[in-house]
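Participant: Before I ask anything, let me first share the structure, which is written out below as structure tokens.
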Amino acid sequence: MPIPPPPVRPDPDHEPTERELREDLAAAYRLVALFGMTDLVFTHLSARVPGPGHRFLVNPYGLLFEEITASSLVLVDAEGEPQQETSWPVNPAGFVIHSAVHLGRPDARCVMHTHTLAGMAVAAQRTGLLPLNQISMEFDGRVAFHEYEGVAADDNLSERERLVRDIGDMPCMVLRHHGLLTVGRTVAEAFYWMHYLEQSCRIQLAAQAGGVPLALPSAETVRRTRAQFGDGPHKGWLPWQALRRKLDREQPDYRE
């Protein structure tokens, strides 16, 4: 297999087209399935579409994440109501969390929410996410927490305000007794945070399963490690290009 040429770093001011967003988001659905972060047909990944009004792309209710394609994604408004012809239903109640974060965080162009075993297990722990590995240390000061208020639905609209308040300007949030949530300026960034937040939760459960006291680094080491990871408008961009190439080889129909 020939080595591909190095990708060209995108213009940070580039405004993606709806088609570009559809392909990126469909790729994210396939990758969430590939890495074992799905919950049957439930949970959502969403992306804000450029232009006037509040319009978002989300999965049609009933498709497995591995079945999602660019054209199957449904354009919805802030209430989760379809803004296009679709033969598949949309789950407006399941979009409550997403709409709250999208509307409350202008920079949250992509929102991802999962119900994984590791994420839900850590969400049930009083300690939250522990800095047990350099992967986990990148999340120091970057993870918010939201207390559980029952199934997120339209009968508790005031929870939207608390969701926005709790996430603040963080890229990640642990929903107590529920799961994980990440946001990004791009689909690539939101996926980067979700992938490594999930890995951090898996590391924590594996370390705790050893049944011996855990070694925690100093606060100074944690802060220094976090700073070494850096930040910026291209967060997660490089691995995202590699993951898209993987999908182009193995599941090219995601672009359809």
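Participant: Test Gly53 against the stated conditions and say whether it is at positive phi and not in a strand (DSSP E or B).
Facilitator: So Gly53 fits the description; yes.
Participant: Closer than 22 Å to Leu197 by Cβ, surrounded by 12 or more Cβ atoms within 10 Å (Cβ to Cβ) and either within 19 Å of the chain's Cα centre (by Cα) or not hydrophobic (A, V, I, L, M, F, W, C) (or both): which single residue out of His54, His102 fits that description?
Facilitator: None of the others qualify; the one that does is His102.
Participant: What do you reckon, is Ala144 within 30 Å of Leu216 (Cα to Cα), among the hydrophobic types (A, V, I, L, M, F, W, C) and either crowded, with 16+ Cβ neighbours inside 10 Å or touching a residue at least 60 places away in the same chain (Cβ under 8 Å) (or both)?
Facilitator: Here the answer is yes, as Ala144 does meet what is asked.
Participant: Shifting gears a bit: Just to verify a result, which residue in region 142-177, among those that are in contact with a strand residue (DSSP E or B) (Cβ under 8 Å, 6 or more places away or on another chain) and in a loop (DSSP other than H, G, I, E, B), is modelled with the lowest pLDDT? Can you show your working first?
Facilitator: So the first thing to find is which residues in region 142-177 are in contact with a strand residue (DSSP E or B) (Cβ under 8 Å, 6 or more places away or on another chain), and the list is 142-146, 148, 162-163, 166-168, 170-176.
So of that shortlist, the ones also in a loop (DSSP other than H, G, I, E, B) come out as 142, 148, 168, 170-171, 176.
Working: Arg142: 96, Tyr148: 88, Gly168: 96, Met170: 97, Pro171: 97, Arg176: 96.
Here the residue is Tyr148.
Residue-by-condition table, conditions (1) aliphatic (A, V, I, L, M); (2) under 23 Å from Gly94 (Cβ atoms):
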| site | (1), (2) |
| --- | --- |
| Ser158 | no, yes |
| His178 | no, yes |
| Arg185 | no, no |
| Ala188 | yes, no |
| Met194 | yes, yes |
| Cys201 | no, yes |
| Ala207 | yes, no |
| Pro213 | no, no |
| Leu238 | yes, no |
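Participant: Filter region 178-194 down to the residues that are in a strand (DSSP E or B), in contact with a Gly (Cβ under 8 Å, 6 or more places away or on another chain) and hydrophobic (A, V, I, L, M, F, W, C) and list them by number.
Facilitator: Within region 178-194, Leu180 is the sole residue that qualifies.
Participant: Shifting gears a bit: With respect to Val96, determine if the residue is farther than 25 Å from Gln251 by Cα, crowded, with 17+ Cβ neighbours inside 10 Å and under 18 Å from the mean Cα position of the chain (by Cα).
Facilitator: Spelling it out, Val96 is indeed farther than 25 Å from Gln251 by Cα, crowded, with 17+ Cβ neighbours inside 10 Å and under 18 Å from the mean Cα position of the chain (by Cα).
Participant: Contact list please: Cβ distance under 7 Å, first residue in region 34-48 and surrounded by fewer than 18 Cβ atoms within 10 Å (Cβ to Cβ), second residue in a loop (DSSP other than H, G, I, E, B), pairs at least six apart or on different chains.
Facilitator: Asp39/His115; Val41/Tyr61; Val41/Gly62; Val41/Leu63; Val41/Leu64; Phe42/His115
Participant: Can you name the residue in region 176-213 that is aliphatic (A, V, I, L, M) and without any contact (Cβ under 8 Å) to a residue 24 or more places away in the chain and is also surrounded by the most Cβ atoms within 10 Å (Cβ to Cβ) among such residues?
Facilitator: Among those residues, the one meeting the criterion is Ala206.
Participant: Would you point out which residue out of Thr127, Thr186 is polar (S, T, N, Q) and closer than 19 Å to Met37 by Cβ?
Facilitator: The conditions single out Thr186.
Participant: Something else about it: For region 189-235, name all the residues that are farther than 25 Å from His178 by Cα and within 15 Å of the chain's Cα centre (by Cα).
Facilitator: Hit for region 189-235 is Lys235, nothing else.
Participant: Scan region 214-240 for residues that are buried (at least 16 other Cβ atoms within 10 Å of the Cβ) and under 18 Å from Arg9 (Cβ atoms) and report the count.
Facilitator: Number satisfying all stated conditions: 5.
The values are calculated or read from the model by the stated rules, or taken from the named source; none is laboratory data. In this text the structure is predicted, and so the values were computed from the model without any measurement. Quick reminder, even Gly has a Cβ in these numbers, built from the backbone with ideal geometry, and neighbours come from all protein chains shown.
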